[in-house]
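A.B. asks: Below is a structure I'd like to ask you about.
The values are calculated or read from the model by the stated rules, or taken from the named source; none is laboratory data. All figures in this text were calculated on a predicted structure; none of them were measured in a lab. All Cβ positions, glycine included, derive from the backbone under ideal geometry; neighbour counts span all protein chains shown. Heads up: the accessible areas ignore ligands, DNA and RNA and are worked out on the full protein's heavy atoms, side chains in. Shrake-Rupley method; radii C 1.70, N 1.55, O 1.52, S 1.80 Å.
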Amino acid sequence: MPAPPAVQVSDLVMRYGATTAVDGLSLEVARGSITAVLGPNGAGKTTTLETCEGYRRPQGGTVRVLGLDPVRDRRALLPRVGVMLQGGGAWSGVRAVEMLRHVAALHAHPLPLDLLVERLGLAECGRTPYRRLSGGQQQRLGLAMAVVGRPELLFVDEPTAGMDPAVRRTTWDLLRELQHDGVTTVLTTHYMEEAERLADLVHLVDHGRVVASGSPLALTRGRGDATIRLVVTEPFPAGAPQSLAAALGAATEVLPVDEYSLVVTGPADASTLSVVSAWCEDFGVVPESLTMGRMTLEDVFLAETGRTLAPGEGGHAA
Amino acid sequence: MTQQDTARTGADGTFAPRPGAAPYAAMVRAQASMETRLLLRNGEQLLIAVVIPVIALVGGVVAAGRLGIDLDGADPVDALTPGVLALAVMSTAFTSLAIATGFERRYGLLKRLGASPLPRSGLLLGKVGGLLVVQAVQVVVVGAVALALGWSPDPLGLLLAVPCALLGTAAFAGLGLTLAGTLRAEATLAVANLVYLLLLAGGAVVLPRSSYGAASEVLALLPSAALGDALRAALLDGTLAVLPLVVLAVWAALGASLASRFFRWE
């Protein structure tokens, strides 16, 4: 019998009072993969992850982690799973390496601390109390705590939030290395780039549902290879997207982003670009920028939901 | 992953999964040692654990001598030391535990440990271990100061005092955890300190109940007075006082059931 998927979520429903945080979400995580759950704040990512971690009991649907029920089989599952919370998770007065050593002491075969301290750049702050660590240092310590017990499966919630770009890349390298050594990783993120660079499989999530799934390449190729992005100096007059869509014809899709910008997807090429340019002149809008580039997951998300991934636009965090 | 990536990261099986929980006893030991270090690291915790009881003892003995206060006819240091030990037990098992646990909840530590192999029973045992180590430090310090002041406890009473102190610890710890598991951390801090001060002043913990006049009978039902009475009976007279121990047992049962029922981990 083949091993069950690392994670299998079927029709998960989670509510907080009158708010439905997760609304019939289904996803699967293959063993050995890095799988990203990508969506804006408030999409239900953290709630889904915490249900997989056994913190919450599903109100509807089922969750299986390594073939087990994360609530009922919690004790059997916990040593096999590494968890990185979105924030906190340490005493305020504990020193960074002291905390890591403590978590290591709870496991049977922990990784050598020196290795993690070096790889995650924690040496510089090893004796600093947790409350005085920067946000990025707290994140790195959180990741170290999640991997130190040599888990089979890693749940990381917004692993690189608050990290500078160089440290973010170091973190991605570590996650890739873990994957190479056989660790499955499930990560939530609202950074399109993180999902695109790191994940084998991306589940785009919005309003508590998966709106699209696939490899980053499959998702971005699915709607044509390129994207044209138009940003204008004054807000668009009413009816602008419809007018542009009419000018371009049925093969392309016009997606309004906000009152200053829109995106054109589909078989966009140089001739499409000239049509858009001509339309600007005819319609009387002045481009701030008009660019053509490869399609991103951000564009896919916009196409699927009509919303952007950017934080601050997606309501409160779940 | 491309070949180039593999070459760059140099992955070689270092991170190959090898999950497993440490043996239960090792986890509890690690947790207790951590709890102890953190309890003793805080200045304000040390103040409440050691400095205030010592001041209460020295101040009480000096004041009783100067003012000629009668403490049931006993030598002031003999009469006051059991109560000061009771105060020390109460400060750690109730105030320190409540405050520390309240902030552990607030900082997501309890949630994080909830995802570690350490079971809740192990966490609780670790906390108890930390408490007992801190209390041992308190007893040594307070006892040394008392002996320097001429304390002559009943030898058998020193043994009898141990179960009294443990029962008192259980009673106060249950109440402290109930507080920490239901209120916000700041509210826990405020309430735990306030209750400590109120019991210190009016709870018949340091001073014997006879000093409180007509309130004496009612005070007997407080855990603070019960612990003070039990330790005084043991250390002054070498006897086990049954009624105070029953009172402590009832508080311990109440505290445990409240904590297990209402404690919220997040």
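A.B. asks: Looking at region A:149-167, which of the residues that are open to solvent by 40 Å² or more (accessible area, probe 1.4 Å) and under 30 Å from A:Pro70 (Cβ atoms) is modelled with the lowest pLDDT?
C.D. replies: A:Gly162
A.B. asks: Next up: Applying the selection to region A:262-301, what residues are buried (at least 17 other Cβ atoms within 10 Å of the Cβ) and of a type in the set (Gly, Ala, Ser)?
C.D. replies: Answer for region A:262-301, where residues must be buried (at least 17 other Cβ atoms within 10 Å of the Cβ) and of a type in the set (Gly, Ala, Ser): A:Gly266, A:Ala268.
A.B. asks: Moving on. Residue pairs, Cβ under 6 Å, 6 or more apart or interchain, first in region B:243-266 and touching a residue at least 40 places away in the same chain (Cβ under 8 Å), second open to solvent by 30 Å² or more (accessible area, probe 1.4 Å). List them.
C.D. replies: B:Leu248/B:Leu167; B:Ala252/B:Ala170; B:Gly255/B:Leu175; B:Phe262/B:Thr182; B:Glu266/B:Lys111
A.B. asks: If you don't mind, there's one more thing I want to ask. Has region B:139-148 got any residue that is β-branched (Val, Ile, Thr), assigned to a helix (DSSP H, G or I), in contact with a Lys or Arg (Cβ under 9 Å, 6 or more places away or on another chain) and surrounded by 21 or more Cβ atoms within 10 Å (Cβ to Cβ)? It would help to see each step written out before you state the result.
C.D. replies: At the first step, the residues of region B:139-148 found to be β-branched (Val, Ile, Thr) are B:139-142, B:145.
With the extra rule that they be assigned to a helix (DSSP H, G or I), the set shrinks to B:139-142, B:145.
Still in the running and in contact with a Lys or Arg (Cβ under 9 Å, 6 or more places away or on another chain): none.
No, every residue in region B:139-148 fails to be β-branched (Val, Ile, Thr), assigned to a helix (DSSP H, G or I), in contact with a Lys or Arg (Cβ under 9 Å, 6 or more places away or on another chain) and surrounded by 21 or more Cβ atoms within 10 Å (Cβ to Cβ).
A.B. asks: Scan A:Arg57, A:Arg75 and give me the residue that is part of a helix (DSSP H, G or I) and surrounded by fewer than 18 Cβ atoms within 10 Å (Cβ to Cβ).
C.D. replies: A:Arg75
A.B. asks: When residues of region B:186-240 are filtered for being on the phi > 0 side of the Ramachandran plot and surrounded by fewer than 20 Cβ atoms within 10 Å (Cβ to Cβ), how many remain?
C.D. replies: Taking region B:186-240 and keeping what is on the phi > 0 side of the Ramachandran plot, we get B:204, B:213, B:238.
Still in the running and surrounded by fewer than 20 Cβ atoms within 10 Å (Cβ to Cβ): B:213, B:238.
Matching residues across region B:186-240 total 2.
A.B. asks: Considering only residues that are outside any loop (DSSP other than H, G, I, E, B) and within 17 Å of A:Arg168 (Cα to Cα), look in region A:102-122 and name the one that is least open to solvent (accessible area, probe 1.4 Å).
C.D. replies: So the first thing to find is which residues in region A:102-122 are outside any loop (DSSP other than H, G, I, E, B), and the list is A:102-105, A:107, A:113-119.
Filter once more, so that each one left must be within 17 Å of A:Arg168 (Cα to Cα): A:116-119.
Numbers: A:Leu116: 0, A:Val117: 20, A:Glu118: 133, A:Arg119: 58 Å².
Among those residues, the one meeting the criterion is A:Leu116.
A.B. asks: From the list B:Gly126, B:Gly108, B:Gly114, B:Gly102, exactly one residue is within 14 Å of another protein chain (Cβ to nearest Cβ) and in contact with a Ser or Thr (Cβ under 6 Å, 6 or more places away or on another chain). Which is it? Write out each step before concluding.
C.D. replies: Numbers: B:Gly126 fails: in contact with a Ser or Thr (Cβ under 6 Å, 6 or more places away or on another chain); B:Gly108 fails: in contact with a Ser or Thr (Cβ under 6 Å, 6 or more places away or on another chain); B:Gly114 fails: in contact with a Ser or Thr (Cβ under 6 Å, 6 or more places away or on another chain).
Every option except B:Gly102 fails the conditions.
A.B. asks: Tell me, yes or no, whether region A:223-237 has at least one residue that is exposed (fewer than 15 other Cβ atoms within 10 Å of the Cβ), within 14 Å of chain B (Cβ to nearest Cβ) and out of contact with any strand residue (DSSP E or B) (no Cβ under 8 Å at 6 or more places or on another chain).
C.D. replies: no
A.B. asks: I need the full set of residues from region A:123-141 which are within 14 Å of another protein chain (Cβ to nearest Cβ), assigned to a helix (DSSP H, G or I) and open to solvent by 30 Å² or more (accessible area, probe 1.4 Å), in order please.
C.D. replies: A:Arg131, A:Arg132, A:Gln138
A.B. asks: Which condition breaks for A:Gly93 when tested against (1) in contact with a Leu (Cβ under 9 Å, 6 or more places away or on another chain); (2) over 23 Å from B:Ala21 (Cα atoms); (3) away from chain B (no Cβ under 13 Å); (4) not acidic (Asp, Glu)?
C.D. replies: (3)
A.B. asks: Any residue at all in region A:144-154 that's in contact with a Pro (Cβ under 8 Å, 6 or more places away or on another chain) and over 20 Å from A:Val7 (Cα atoms)? I'd like the intermediate steps shown before the answer.
C.D. replies: Taking region A:144-154 first, the residues in contact with a Pro (Cβ under 8 Å, 6 or more places away or on another chain) are A:148-152.
Adding the requirement that they be over 20 Å from A:Val7 (Cα atoms) leaves A:148.
Looking for residues that are in contact with a Pro (Cβ under 8 Å, 6 or more places away or on another chain) and over 20 Å from A:Val7 (Cα atoms), one finds at least one in region A:144-154, hence yes.
A.B. asks: Now for a different question. If you go through region B:68-80 one residue at a time, do you hit one that is crowded, with 24+ Cβ neighbours inside 10 Å and acidic (Asp, Glu)?
C.D. replies: no
A.B. asks: Another one. Please work out if B:Leu46 is touching a residue at least 60 places away in the same chain (Cβ under 8 Å), within 14 Å of chain A (Cβ to nearest Cβ) and closer than 30 Å to A:Leu106 by Cα.
C.D. replies: In short, no.
A.B. asks: Of all residues in region A:168-184, which are open to solvent by less than 40 Å² (accessible area, probe 1.4 Å), of a type outside the set (Lys, Arg) and in contact with a Ser or Thr (Cβ under 7 Å, 6 or more places away or on another chain)?
C.D. replies: A:Thr171, A:Asp173, A:Leu175, A:Glu177, A:Leu178, A:Gln179, A:Asp181, A:Thr184
A.B. asks: Additional query: Against the condition touching a residue at least 12 places away in the same chain (Cβ under 8 Å) and under 26 Å from the mean Cα position of the chain (by Cα), how does A:Leu113 come out, does it pass?
C.D. replies: Details: touching a residue at least 12 places away in the same chain (Cβ under 8 Å): yes; under 26 Å from the mean Cα position of the chain (by Cα): no.
No.
A.B. asks: Taking A:Leu100 as meeting all but one of (1) at pLDDT 95 or above; (2) within 9 Å of another protein chain (Cβ to nearest Cβ); (3) within 18 Å of A:Pro151 (Cβ to Cβ), write down the number of the exception.
C.D. replies: Status for A:Leu100: all satisfied but (2).
A.B. asks: Do the conditions hold for A:Leu187, that is, is it open to solvent by less than 10 Å² (accessible area, probe 1.4 Å) and either facing chain B (nearest Cβ under 10 Å) or over 15 Å from the mean Cα position of the chain (by Cα) (or both)?
C.D. replies: Details: open to solvent by less than 10 Å² (accessible area, probe 1.4 Å): yes; either facing chain B (nearest Cβ under 10 Å) or over 15 Å from the mean Cα position of the chain (by Cα) (or both): no.
Considered against the rule, which asks whether it is open to solvent by less than 10 Å² (accessible area, probe 1.4 Å) and either facing chain B (nearest Cβ under 10 Å) or over 15 Å from the mean Cα position of the chain (by Cα) (or both), A:Leu187 comes out as no.
A.B. asks: Kindly list the number of the only condition in (1) open to solvent by 50 Å² or more (accessible area, probe 1.4 Å); (2) in contact (Cβ under 8 Å) with a residue 24 or more places away in the chain; (3) facing chain B (nearest Cβ under 10 Å) that fails for A:Ala146.
C.D. replies: (1)
Residue by residue, here is whether (1) of a type outside the set (A, V, I, L, M, F, W, C); (2) open to solvent by 60 Å² or more (accessible area, probe 1.4 Å); (3) in contact (Cβ under 8 Å) with a residue 24 or more places away in the chain holds:
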| residue | (1), (2), (3) |
| --- | --- |
| A:Leu12 | no, no, yes |
| A:Ser33 | yes, no, yes |
| A:Ala36 | no, no, yes |
| A:Gly42 | yes, no, yes |
| A:Leu66 | no, no, yes |
| A:Pro70 | yes, no, no |
| A:Gly87 | yes, no, yes |
| A:Trp91 | no, no, yes |
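A.B. asks: Can you list the helices (runs of 4 or more DSSP H) found entirely within region B:174-260 that contain at least 1 residues being of a type in the set (S, T, N, Q) and closer than 24 Å to B:Asp75 by Cα?
C.D. replies: B:216-219, B:223-232
A.B. asks: Which of (1) surrounded by fewer than 18 Cβ atoms within 10 Å (Cβ to Cβ); (2) part of a loop (DSSP other than H, G, I, E, B) is the odd one out, the single condition B:Leu118 does not satisfy?
C.D. replies: (1)
A.B. asks: Residue pairs, Cβ under 7 Å, 6 or more apart or interchain, first in region A:183-207 and on the phi > 0 side of the Ramachandran plot, second assigned to a loop (DSSP other than H, G, I, E, B). List them.
C.D. replies: Within 7 Å, the pairs are A:His207/A:Ala43.
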